[in-house]
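The values are calculated or read from the model by the stated rules, or taken from the named source; none is laboratory data. All figures in this text were calculated on a predicted structure; none of them were measured in a lab. Because the Cβ atoms are built from the backbone with ideal geometry, glycine has one as well, and the counts that use them run over all protein chains shown.
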Amino acid sequence: MSAEDLLNDTFNVLEEETMKAVEQVQAYQRKLMDPIYHKRRELVKKIPNFWGTAIGNSPMFAINPSDNDLEALDNLTDFHVEYDHDKPDYRKVVATFKKNGVFKNETLTKEISVDPENDGTTISKTTIEYHENKGPNNKRKAKDEDEDEDDFNVSFVDWFGDDDVRTGIILAEDIFPSAIDYYQGPGDSEDDEDENGEIDLDAESDEDDDEEEDEKPKSKKSRKSTDVESSNGIRIDWTPSMKTITGIPFSFHILHMNSFNIHGSQ
């Protein structure tokens, strides 16, 4: 065996050990977070359209949302993710809605179980009962050989009915844990301070006239996102929360998606 082969084998072993360690940390954090998520779930029920605003503000769903998505998010009353502590690659995403003009379902559910050792993925999903003339409305363009499928917009509603795994992981591992951050939107504190940390008094006077407008959530139709360059073969339009997942930067999970045989939307 050459030195290069030996080095590659060593790297592969370290990679496997790293992923196992990540899974253990992730499982431990989820156990600790379960009661906190439960408390948060009850509290945010008192905030009108909390989940619709939080999810709509996330870059994953902020790019030119369809009319179906806008109406569904406006009627989203509850959203939660169920984890299996014994199976770190299992996620169950559940969304509950008020009566709306897009579909008849009160609840949309999607279960994703990834088996990296056997390169297998199991998906269980709700059959969406669309109202007449309200079928799948995702904005994906017709595929050409030269097009990158990761360039397509993601539809929140359509995702519950398709086989996309990547979006589910982002929902479960970033958007759901960081929902309060996404609901509040981008912070403006940095704009009011100079490089030395001093408050810009001139900026304060400009805020008085627009105080009421600033307090309102931004319109979903004006949402924007940042284009993130590819990492290890994966490129997505995404600006994740500054928070980390299981104490490990979110970029780590994006970097290792290929290890789970995840290559974006179908």
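Tallying residues that are of a type in the set (A, V, I, L, M) and in a loop (DSSP other than H, G, I, E, B) within the stretch 160-182 yields 1. Of all the listed residues (ASN105, ASN64, ASN68), the sole one being in contact (Cβ under 8 Å) with a residue 40 or more places away in the chain, over 17 Å from the mean Cα position of the chain (by Cα) and either assigned to a strand (DSSP E or B) or under 30 Å from THR127 (Cβ atoms) (or both) is ASN68. Under the condition of being charged (D, E, K, R) and surrounded by 11 or more Cβ atoms within 10 Å (Cβ to Cβ), which residue from the stretch 32-57 is farthest from ARG91 (Cα to Cα)? The extreme case among them is LYS45.
For the stretch 116-163, which residues satisfy the criterion of being charged (D, E, K, R), surrounded by 14 or more Cβ atoms within 10 Å (Cβ to Cβ), touching a Lys or Arg at 6+ places or on another chain (Cβ under 9 Å) and modelled with pLDDT under 85? ASP150, the sole residue that qualifies. Within this structure, VAL44 fails the test of being among the aliphatic types (A, V, I, L, M) and within 15 Å of ILE169 (Cα to Cα).
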